[in-house]
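The values are calculated or read from the model by the stated rules, or taken from the named source; none is laboratory data. Every value quoted in this text rests on a predicted model; they were computed, and no experiment measured them. All Cβ positions, even for glycine, are placed from backbone atoms using ideal geometry, and neighbour counts span all protein chains on display. These accessible areas exclude ligands, DNA and RNA; they are computed on the full protein's heavy atoms, side chains included. Shrake-Rupley method; radii C 1.70, N 1.55, O 1.52, S 1.80 Å.
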Amino acid sequence: MSTETDVTTETVGTDAGEARITWHPAGRARLVLAVGHGAGGGIEARDLQALARTLPAHGVTVALVEQPWRVAGKKVAPAPKTLDTGWRGVWPALAEPGLPVVSGGRSAGARVACRTAAELGAHGVLALGFPLHPPGRPERSRADELLGTGVPTLVVQGGNDPFGRPAEFPGGGFRLVEVPHADHGFAVPKRAETTQEAALEIVTGTVGEWVASLG
């Protein structure tokens, strides 16, 4: 596991502005897991932080990527096209260690990873809380983004995610794992059988096993 002293921050210029990568390095890394945040928050998200704490001990360097709009202090995310531009801009820095890079993100960040995976040569895609549709609007499906990654893809989805419950997802070339009782941010109610700690352990355990299976 990386320690606080190991963690480094790198600013990267992109065509969408300056992005920022916070590196949580593994001692003997076999790949890089790059994860971006959603449209309503940053890399402080509970699932992203849990991955950064846990996976370096298992040979995975975790790179938490902040999109330019967050680095600039803005509160509203730009259009998807601009998010994709920011992600493309940081990719050379993510690939710099010379290791396979798994492209990932939560919510809007997951959509970015899906849309750009093939062109960037991602080793796989991790979609945390994939927003299959806007809440209450199942007819506005974004399944085509998920089905079009062209690389091994893992979806980790809360059982009560209003942006798409696991049962709503179509069949296709991806693996889907449910976090029982969890919402879009993997928070679970206090009355739920699954504790918050257990929910995050499902996330980190599932991601760790899947990444290891990629070789």
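Packing around the peptides 6-14, 200-208, taken as the average count of other Cβ atoms within 10 Å per residue, puts them in this order, highest first: 200-208, 6-14.
Cα-based radius of gyration for region 87-127, normalised by 2.2 N^0.38 Å, reads 1.04.
Which whole-number percentage describes the relative contact order of region 1-132, with Cα contacts under 8 Å and a sequence gap of 6 or more?
Working: 291 pairs, mean separation 36.0, N = 132.
After rounding, I find 27 percent.
Sorted on the mean count of surrounding Cβ atoms within 10 Å across their residues, most packed first, peptides 190-197, 173-180 read 173-180, 190-197. Dipole size of region 1-62 about its Cα centre, with +1 on Lys/Arg Cβ and -1 on Asp/Glu Cβ: approximately 300 debye, rounded to the nearest 20. Round to a whole angstrom and tell me the spacing of the C-alpha centers of region 98-148 and region 169-215. Taking the Cα centre of region 169-215 as reference, the centre of region 98-148 is 16 Å away.
Subtracting the Cα-Cα distance of K74 and D6 from their residue separation scaled by 0.36 nm leaves 21.6 nm. Net charge dipole, region 173-215: roughly 80 debye, given to the nearest 20, about the Cα centre with Cβ charges of +1 for Lys and Arg and -1 for Asp and Glu. The Cα atoms of the chain define a convex hull whose projected area, averaged across directions, is 11.2 nm².
For region 18-130, the solvent-accessible area works out to 36 Å² per residue, with a probe of 1.4 Å and every protein chain left in place.
First compute the accessible area of the chain with a 1.4 Å probe, then give the percent of it belonging to carbon and sulfur atoms.
The C+S portion of the solvent-accessible surface of the chain is 51 percent.
Using the Kirkwood formula over every pair of different C-alpha atoms, what hydrodynamic radius in Å results for region 56-115? Computed over Cα pairs of region 56-115, the Kirkwood hydrodynamic radius comes out at 12.5 Å. Our helix-only sum for the chain, with -39,500 (n - 2.57) per DSSP H run of n ≥ 4 divided by its residues, gives a mean residue ellipticity at 222 nm of -9000 deg cm²/dmol. Loop-located trypsin sites (Lys or Arg not before Pro) in region 1-71 (DSSP state other than H, G, I, E, B) with a sparse environment of at most 16 neighbouring Cβ atoms within 10 Å: R28, R30. Charges were assigned to the Cβ only: +1 to each Lys and Arg, -1 to each Asp and Glu. The resulting dipole of the chain about its Cα centre is roughly 320 debye. Protection proxy ranking for 147-157, 58-68, 162-172, using the average of other Cβ atoms within 10 Å per residue and placing the highest first: 58-68, 147-157, 162-172. With both partners inside the chain, how many of the DSSP beta bridges are antiparallel, as a percent to the nearest 5? Here the antiparallel bridges make up roughly 30 percent for the chain. Normalised by residue count, region 1-127 yields a Cα convex hull volume of 90 Å³ per residue.
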